[in-house]
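These notes concern the structure reproduced below.
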Amino acid sequence: MAHFDERSGVIPCKTEFGSWWQTIDEVFVEVKWNEDLKSKEIQCKILPSSLTLAIRGAPLIEGSLFEPVHADESTWTLENKRNVLICLSKTHNNAAHCWRSLLKGKFEADALTFDEMQKKLTLQRFQFENPGMDFSGATMTGNYQGGGPELPEYKSS
């Protein structure tokens, strides 16, 4: 069976370097580069409360993470010689801990994107709690706040 995100897609937050998105368990950062890279040209340091990424000595991402992560369970990879993908393992992995920004004060999701992220994490939570049902095509209406405990009305597409 396909993973929830493979069936439902992701809600990306676009940035000058690429984008970031999240699931209940992880935050993904994709950095797009316009030239071929070698892994030795990438310096990525993931700590429980901070992230630093430099390519060819130029810092691209540097600062305190929005929430703490399990640094020893987080990784980065170079894909197709031009994309750096960082996977951060969230310390708080539930729908109520939807990250508003990648770093504190930087790379913040706009209100609409953040609302969609919250809805997606809630639907993912419902999928985990109800494994026999498929919420990947479900939609939620209205503004959403905080990973509430009630099952929302949804429309299957």
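The values are calculated or read from the model by the stated rules, or taken from the named source; none is laboratory data. Bear in mind the structure is a predicted one, so any value in this text is a computation, not a measurement. Glycine gets a Cβ as well: all are built from the backbone with ideal geometry, and neighbour counts include every protein chain shown. Note: areas computed on protein heavy atoms with side chains; ligands, DNA, RNA excluded. Shrake-Rupley method; radii C 1.70, N 1.55, O 1.52, S 1.80 Å.
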Restricting to lysines and to Cα separations under 18 Å from residue 40, and discarding same-chain partners fewer than 8 apart, the set is 32, 81
Sorted on mean Cβ neighbours within 10 Å (highest first), peptides 38-46, 109-117 come out as 109-117, 38-46
On the accessible surface of region 1-85, probed at 1.4 Å with all protein chains in place, carbon and sulfur together account for a percent value of 50 percent
Expressed to two decimals, region 75-116 has a Cα Rg over Rh, using the Kirkwood radius, of 1.05
